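Asks: Once you've had a glance at the structure underneath, I'll fire off some questions.
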């Protein structure tokens, strides 16, 4: 990664804000950064909770590496580092997620994987359709949830309220489809009415075929992305799965 020894020391000591401020002075080639500079910029953005641009900067390095006949060897080495992978899949808002997930019978890593796709952890983001916040809850859906859950007041822009409402609805979609995560995720995006129609036409017993047959391109991509995020969070942060992967790698 790029950056002076002083900047790297600040980063390693967990002084993310100070490292970011120093980087503003050191970062010279903003229009055409080297791969090392882009890596540093992405990591530091994640450190100061600029998840939207930080994840973009890091993910874009994959594209650059594929297109470059001689990609930066330093980046190729860094790509294998757990810190790089964890920056791509950060544990943002974990405390609030863990507050509600047990009550909703949800794996916190599934919630955070869905949130990564919905909002890239941007608390004030609004979609074209009017969905708001970390878990992209529509105001009319929030009103319905609040009646079901007995919530008297809430603010969708408030991170805790948004996660409370979003996890309630994700639990509802799981209960609706007998804890089938694939159908629950599809329903979170497209609504239960659409999923009910698809289930009548395509048996969900073959998950791959079902996902490929989803007629809404957005929902098709959404389900794949959320499940992909979930797997990456599991392999990075679930001790049992990490151990099994290490055993498999050793055997092969």
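Asks: Does the stretch 43-66 include one or more residues that are over 28 Å from residue 234 (Cβ atoms) and either at pLDDT below 95 or in contact with a helix residue (DSSP H, G or I) (Cβ under 9 Å, 6 or more places away or on another chain) (or both)?
Replies: At the first step, the residues of the stretch 43-66 found to be over 28 Å from residue 234 (Cβ atoms) are none.
No, every residue in the stretch 43-66 fails to be over 28 Å from residue 234 (Cβ atoms) and either at pLDDT below 95 or in contact with a helix residue (DSSP H, G or I) (Cβ under 9 Å, 6 or more places away or on another chain) (or both).
Asks: In addition: Regarding the stretch 138-155, can at least one residue be identified that is more than 20 Å from residue 100 (Cα to Cα), without any contact (Cβ under 8 Å) to a residue 60 or more places away in the chain and not in a helix (DSSP H, G or I)?
Replies: no
Asks: Restricting to the stretch 67-98, give me the number of residues that are at negative phi, in a loop (DSSP other than H, G, I, E, B) and surrounded by 14 or more Cβ atoms within 10 Å (Cβ to Cβ). Don't jump to the end; show me each part of the working.
Replies: Let us first name the residues in the stretch 67-98 that are at negative phi, namely 67-92, 94-98.
Filter once more, keeping what is in a loop (DSSP other than H, G, I, E, B): 68-72, 79-81, 89-92.
Among the residues that remain, those that are also surrounded by 14 or more Cβ atoms within 10 Å (Cβ to Cβ) are: 71-72, 79, 89-92.
Of the residues in the stretch 67-98, 7 are at negative phi, in a loop (DSSP other than H, G, I, E, B) and surrounded by 14 or more Cβ atoms within 10 Å (Cβ to Cβ).
Asks: Among the listed residues 183, 109, which satisfies the condition of being assigned to a helix (DSSP H, G or I) and under 16 Å from the mean Cα position of the chain (by Cα)?
Replies: Working: 183 fails: under 16 Å from the mean Cα position of the chain (by Cα).
The match here is 109.
Asks: Determine which member of the set 212, 218 is more than 25 Å from residue 95 (Cα to Cα) and free of Cβ contacts under 8 Å to residues at least 24 places away in the same chain. So that I can check it myself, show each step before the final result.
Replies: Values: 218 fails: free of Cβ contacts under 8 Å to residues at least 24 places away in the same chain.
Just a single option satisfies the conditions, and that option is 212.
Asks: Looking at 166, 228, which is the one that is surrounded by fewer than 20 Cβ atoms within 10 Å (Cβ to Cβ) and either free of Cβ contacts under 8 Å to residues at least 24 places away in the same chain or under 23 Å from residue 121 (Cβ atoms) (or both)? Before you say what the answer is, go through the steps one by one.
Replies: On the way: 166 fails: surrounded by fewer than 20 Cβ atoms within 10 Å (Cβ to Cβ).
That would be 228, the only listed residue that is surrounded by fewer than 20 Cβ atoms within 10 Å (Cβ to Cβ) and either free of Cβ contacts under 8 Å to residues at least 24 places away in the same chain or under 23 Å from residue 121 (Cβ atoms) (or both).
Asks: Look through 117, 21, 17, 86 and report the one residue that is at pLDDT 95 or above and closer than 27 Å to residue 219 by Cβ.
Replies: On the way: 21 fails: closer than 27 Å to residue 219 by Cβ; 17 fails: closer than 27 Å to residue 219 by Cβ; 86 fails: closer than 27 Å to residue 219 by Cβ.
Being at pLDDT 95 or above and closer than 27 Å to residue 219 by Cβ holds for just one of 117, 21, 17, 86, which is 117.
Asks: Taking the condition out of contact with any strand residue (DSSP E or B) (no Cβ under 9 Å at 6 or more places or on another chain) and in contact (Cβ under 8 Å) with a residue 60 or more places away in the chain, does residue 105 pass?
Replies: Numbers: out of contact with any strand residue (DSSP E or B) (no Cβ under 9 Å at 6 or more places or on another chain): yes; in contact (Cβ under 8 Å) with a residue 60 or more places away in the chain: yes.
Against the criterion (out of contact with any strand residue (DSSP E or B) (no Cβ under 9 Å at 6 or more places or on another chain) and in contact (Cβ under 8 Å) with a residue 60 or more places away in the chain), residue 105 qualifies.
Asks: Take residue 159 and decide whether it is touching a residue at least 60 places away in the same chain (Cβ under 8 Å) and within 25 Å of residue 128 (Cα to Cα). Spell out how you get there, then give the answer.
Replies: Details: touching a residue at least 60 places away in the same chain (Cβ under 8 Å): yes; within 25 Å of residue 128 (Cα to Cα): yes.
So residue 159 fits the description; yes.
Asks: Of the residues in the stretch 112-130, how many are in contact with a strand residue (DSSP E or B) (Cβ under 7 Å, 6 or more places away or on another chain) and part of a loop (DSSP other than H, G, I, E, B)? Steps first, answer last, please.
Replies: The initial filter retains those residues of the stretch 112-130 that are in contact with a strand residue (DSSP E or B) (Cβ under 7 Å, 6 or more places away or on another chain), namely 126.
Narrowing the set further to residues that are part of a loop (DSSP other than H, G, I, E, B) leaves none.
Total satisfying the criteria: 0.
Asks: Given the conditions (1) at pLDDT below 95; (2) out of contact with any helix residue (DSSP H, G or I) (no Cβ under 7 Å at 6 or more places or on another chain), and given that residue 202 satisfies all but one, which numbered condition is not satisfied?
Replies: (2)
The values are calculated or read from the model by the stated rules, or taken from the named source; none is laboratory data. Predicted model only: the values in this text are computed from it and were never measured. Note that we place each Cβ from the backbone using ideal geometry, even for glycine, and neighbour counts take in every protein chain shown.
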